[in-house]
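Since every read-out is calculated from the coordinates, none of them should be taken as a lab result. None of these values were measured; they are calculated from a predicted model. Here the Cβ positions follow ideal geometry from the backbone for every residue, glycine too, while neighbour counts run over all protein chains shown.
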Amino acid sequence: MQILAYIGRRLIFVGPQLIGILLVSFLLLKLIPGDPAVMMLGPFATDDGLARLRAELGLDRSVIEQFGIYLWRVVHGDLGSSWQTTMPVTSDLAQRFPATLELVTISLLLALCIGLPLGVAGARNKTGILRKIADYYGLVAGALPDFWFALVLIFVLYTILGIAPAPLGRIDFTVIPPPDVTGSLLIDSLIAGNWDALKNAAGHLILPVLTLGLINAAPILKMTQSTMERMLEADFSRYAEMCGLPPKIVARKALRNSLPSVITIVSVLYGFLIGGAVLVEIVFSWGGAGQYAVQGVLNADLNPVMGFVLYSAILSLVIYLLVDLIYFAIDPRTR
Amino acid sequence: MSAAPTNNPIDIFNAPILDCENVTVAFPQYGTAASVALRDVSLTLRTGEVLGLVGESGSGKTMLARAIMRLIPPPGEITRGSIRFGGKDLAELDQESLRKIRGRDVAMIISNPRGELDPLQTVGQQIANVLRHHLNLDRKATRERALDLLKQVSIPDPQRRLDAYPHELSGGMAQRVVIAIALACSPRFIISDDATSGLDVTVQAQVLELIRKLVSERGTSMMFITRDIGITAHYCDRIAIIYAGEIMEIADREVFFDDPQHPYTVLLLAAFAQNERLRRYWLGEDKVRESSGPSATGCSFQHRCVRFQERCRSEHPALVERQPGHLVRCHYPVERP
Amino acid sequence: MSLLEIQDLVQHFPIAGSKSVVRAVNEVSFSLEKGETLALVGESGSGKTTIGRCVLGLIRPTGGRISFRGIDLGGSKTVRSLELRGKLQLVFQEPTESLNPRQRVFEQIDEPLRALKVPRPDREKKVREAARRVGLAEALLDRYPAEISMGLQQRVGIARAMISDPEVVVLDEPTSALDPTARAEIIDLLIRIQRDLGTSYLFISHDLSAVRQISHRIAVLYLGKIVEQGPSATLFAQPSHPYSVALLSSVLLPNPRIRSGRAIRLSGEIPSPINLPPACYLAGRCPLVIDPCREKMPPVETVSANHAVRCYRHGEVAKLVPDFDSFGRFQSEADRILGAGVPAQ
């Protein structure tokens, strides 16, 4: 009951938060020089034509007015269209957002699978070989740029060894993709029972997921290790040792107490990677949301950028709500 | 309040339950000589006895508890001496065997219980951890025993408290839970480390009464570590004073408080006195404070001692038995007619 | 006119997101004379620290009047003049936390003078004088707090409080973080300073041995209410409130023959100060409770000169604990034990 009340209270603020985020991004985008009308009509446009197009797009009005109109449309489910793709932003994002989500989610799962156990092992034995590995891993992964690492992986696994598929999108052109249900190729193939598509899509995920997963395991590893170390030295761990509880149980207690920090860093990474994975998306021609937004910014194509901002803001809010609910479940003190 | 109950067969021989001999704990330091946290500590605890161990912070009193538990924080280690308990030398045992003893034969009551209990587990789960690990009880028996333990430490509404989390307990209540965990496996020896220092005084009185009642009912031996010498006068059978990692004075309670002989012991008692002249004398008049320590060779209390003489600087005093059972480490102990 | 006068002080803290309030201080009145020490004694939740903060103007009281030399001090410190702030000073409980770890001892002691805009040459002289007064060696003035012991740190705290020649010093549990010997040294130091300078102390503590040594008068607080107030000797010898009796009997003096009476034992623990009943706050724990205790807050009754108590049954309490003075009995024993080896005066 308390949880429901809490969710209710959080949801009240969602609307104003979203409007705030949209307003700030709108104003910032307007600060970037670049005239969509010039971009759309090209170098040989007449002044007359430009003026007409500007009026059509509402660009002759004040910024606040423009924002009001945009907001009005958004509330009615219309995010406008992109002049580059000539498609409505909603249908563009319906394709691209799931692509990014699928990539980021699986990458973070991989990162968690590497970072968490290695961090725990490193914290439990500060002189062991795993600790050394963890330290070096953190150092190297923290220093590597992800797009460069992606290129190395492509060079080794595709160009030389030929075991990975070509870095050209999410699925081969020769494979018929499953009908669109969730937007995630893996899930959709499963639903359709299309095993060829599943295998092929999974194959395409390997390299980008390896890139993002291996790189982002580093912050998770660091956070797990330092928190876990602190918890293992905390009074309750010392007390558990005094009670003769075996190291396994002491470590389990410490891990449970470390989880909130780990969850926090994962949620931060999640929110960040929605846009931050863009370089890797470009390297793999992923056609993800970040790539879409960057194209928008570069070509003064406002609607895709605003749509992207809106989607990621909603996603972030959902993630933070989830995180709070997980805290709720783990820690009785927050109840 | 008497020293040892006699219905226990072991008592016929008045066998010591714990016998520490020359226990020395050192922390190796890079480049210089190791810093010594405990120096040749020899202590014997008789079965059913409550020994008060009094010292200020940094005196090594907690280190002794940790040495007995063999949980000295690294890089510290026992460099010398033996800790005989139940026919074994704890100083020699491996961690696996020690884990079978900790919490089961030797239990610990700690201070700041709300920080020492796992914040994410209910009281019942934390008691159950210990019961299941040491006694292999099944789920139902565990819960029954946990409930019984909470009743024994007089926690109101024990059924409900089993499912409470530590943050939902008051300080006194959490302290009682820690006592319940200590009693869980009916240990033969309990170490209480500053167990009541964080409690309000009226609650402290309740908890002290409870601890004393529980250990004397069971004939459990206890080492009661505290920095408050006043507590030991009322809840301990014998008192030992520890200073800078050394036992300075040890005696049975009546003798100890009637005829304290080490200047440091008298200083501790003087802190309670109303008589300003005597208090000032033992506190060392109105000397200007400087942070200078004792010389390496002499008595470790020399720089704070009002009875200091040249010999105290050059010669380390030994722990001498001045009367039967009354040991003092001082060249110039206080003498009373 | 008293030096410091507190009248019907009330301090309630609202709880965020709730209609309830924490009733930290409930109509507390007392006064402090020049050169006198009044001890505010109580356990956690008794409001003793909050009262100290109100006196210093660190928080604005919900109600009541605080006057110093007849001047109403009003709400928070912002309305007080610099000079007035120098006249009321504070010594904290945790010396380690109250000192800035990155400042040398000299600068710490100097701080109030800088705030009071005293010219530099005067400051230097005053700091050295204050250090000498609290027994700090000159060499220690260049050290950082972490390099000196806790007892010495607390001396720095006292020097800092004394440097502006205050008339009232609030001592908020100045000894509770210290080891027993350091505690005794600090108490002696405070007594000496008072004797030399005539400073008045508001001594906030739950350490009754220290209270016995330093204070002239005592006010016993329970849940933000003064339940008993009187001269120190009287209160220790003949307490008249069940809570005072329980508090005093929980003191463990280092002599096995002197056990405080166990005539009155309180059950349970201190309830939360959130929703207090309009009755005696101790009613739920008191063994002497009668019906009126649960219905109405007992009025303040005078037992003897300057000795007042808030209990319907204070007459019975006194009868229950005749010859209560364990401190007094401890004294003669202690003189014998401590007297050995001490040169005669």
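Compared with the dominant principal axis of the Cα atoms in chain B, helix B:123-135 is inclined by about 90°.
Peptide B:162-175 has a mean of 2 when you count, residue by residue, the C-beta atoms of other protein chains within 10 Å of its C-beta. Computed about the Cα centre, the dipole magnitude for region B:258-328 is approximately 180 debye when only Lys and Arg (+1) and Asp and Glu (-1) carry charge, each at its Cβ.
Considering only B:MET173, A:SER184, C:THR234, and ranking their Cα positions along the charge dipole of the protein assembly as shown that arises from unit charges at the beta-carbon of Lys, Arg, Asp and Glu, the one farthest toward the positive end is C:THR234. Applying D = kT/(6 pi eta Rh) to region A:118-180, where Rh is the Kirkwood radius over alpha-carbon pairs, T corresponds to 10 °C and eta to 1.306 mPa s, the Stokes-Einstein value obtained is 107 µm²/s. Basic side chains Lys and Arg get +1 at the Cβ, acidic Asp and Glu get -1 at the Cβ, and with that the dipole of chain C about its Cα centre reaches some 380 debye.
Its relative contact order, with pairs defined as Cα atoms under 8 Å and 6+ residues apart, puts chain A at 25 percent. What size of dipole, in debye to the nearest 20, comes out for chain A about its Cα centre when the only charges are +1 on Lys and Arg C-beta atoms and -1 on Asp and Glu C-beta atoms? With only Lys, Arg, Asp and Glu charged at Cβ, the dipole is about 1560 debye.
When you work out D = kT/(6 pi eta Rh) for region B:115-184 at 37 °C and 0.692 mPa s, using the Kirkwood radius from C-alpha pairs as Rh and the Stokes-Einstein form, the result is 281 µm²/s.
How would region C:124-220 be classified by its alpha-carbon gyration tensor: rounded, prolate or oblate, with rounded meaning a/c under 1.5 and the a/b versus b/c comparison settling the rest? Cα axes put region C:124-220 in the oblate bin. Panel order for A:ARG252, C:ARG160, by other beta carbons found within 10 Å of each beta carbon, from fewest to most: A:ARG252, C:ARG160. Considering only A:TRP72, A:GLY138, A:LEU103, and ranking their Cα positions along the charge dipole of region A:1-158 that arises from unit charges at the beta-carbon of Lys, Arg, Asp and Glu, the one farthest toward the positive end is A:GLY138.
By other beta-carbon atoms within 10 Å, ranking B:GLU246, C:GLU97, A:GLU281 with the fewest at the front produces C:GLU97, B:GLU246, A:GLU281.
Using only Cα atoms, locate the centre of region C:14-40 and the centre of region A:1-60, then give the distance between them in Å, rounded to an integer. So the separation of the two Cα centres works out to 55 Å. The calculated Kirkwood hydrodynamic radius for chain C is 21.4 Å, given to one decimal from all distinct C-alpha pairs. The Cα center of region C:180-211 and the Cα center of region A:279-298 differ in position by 72 Å. Rg/Rh, computed from the Cα trace of chain A with Rh as the Kirkwood radius, has the value 1.04. P(r) tail, region B:258-328: Cα-Cα pairs separated by more than 17 Å, 52% of all pairs. Distance from the Cα centroid of region B:236-268 to that of region C:278-329 is 39 Å (rounded to whole angstrom). Give me the orientation-averaged projected area of the Cα convex hull of chain B, in nm², one decimal. Computing the convex hull of the Cα atoms and averaging its projections yields 19.6 nm².
Projected over every direction and averaged, the convex hull enclosing the alpha-carbon atoms of the protein assembly as shown yields 54.7 nm². Taking every Cα-Cα distance in region C:240-338 and sorting them into 10 Å bins from zero, the calculated P(r) comes out as 14, 40, 29, 13, 3 percent. Label zone of A:THR264 (point 7 Å out along Cα→Cβ, amide N under 16 Å): in region A:1-31 this covers no residue at all.
Remark: the A:SER91-A:ALA45 segment gains 13.6 nm on full extension, using 0.36 nm per residue and subtracting the alpha carbon distance. Once the Cα atoms are used to define both axes, helix A:63-75 deviates from the longest principal axis of chain A by about 70 degrees.
The label-point distance for A:ILE69 and B:GLU92, in a model that sets each label 7 Å from Cα toward Cβ, rounds to 9.2 nm.
Dividing the Cα radius of gyration of region A:72-118 by 2.2 N^0.38 Å, with N the residue count, gives 1.75.
Rounded to the nearest 10 degrees, the inclination of helix A:195-233 to the longest alpha-carbon principal axis of chain A is 50 degrees.
Quick note on region A:99-241: its Rg to Rh ratio, both from C-alpha atoms and Rh being the Kirkwood radius, is 1.11.
P(r) for region C:18-98, from all Cα pairs and a bin width of 10 Å, is 14, 47, 33, 6, 0 %, short bins first. Inter-chain Cβ neighbour count for C:171-181, averaged per residue, equals 3 (cutoff 10 Å, partner chain atoms only). Grouping the Cα pair distances of region A:172-212 into 10 Å bins from zero gives a pair-distance distribution of 33, 53, 15 percent in increasing distance order.
Taking other C-beta atoms within 10 Å as the exposure proxy, C:LYS87, A:LYS132, A:LYS248, A:LYS30 rank A:LYS248, A:LYS132, A:LYS30, C:LYS87 from fewest upward. FRET efficiency for the B:LYS213 to A:VAL24 pair, using the beta carbon distance and R₀ = 56 Å, is estimated at 0.25.
For the set A:LYS222/B:LYS100; C:LYS34/C:LYS125; C:LYS34/C:LYS87; A:LYS222/A:LYS253, the pairs lying more than 22 angstrom apart at their alpha carbons are A:LYS222/B:LYS100; C:LYS34/C:LYS125. All distinct Cα pairs of region A:228-300 go into the 1/r average, and the inverse of that average, the Kirkwood radius, is 15.3 Å. Among the residues of B:260-269, the average count of other protein chain beta-carbon atoms within 10 Å of the residue beta-carbon is 3. In region C:4-219, Cα pairs under 8 Å separated by at least six residues give a relative contact order of 28 percent.
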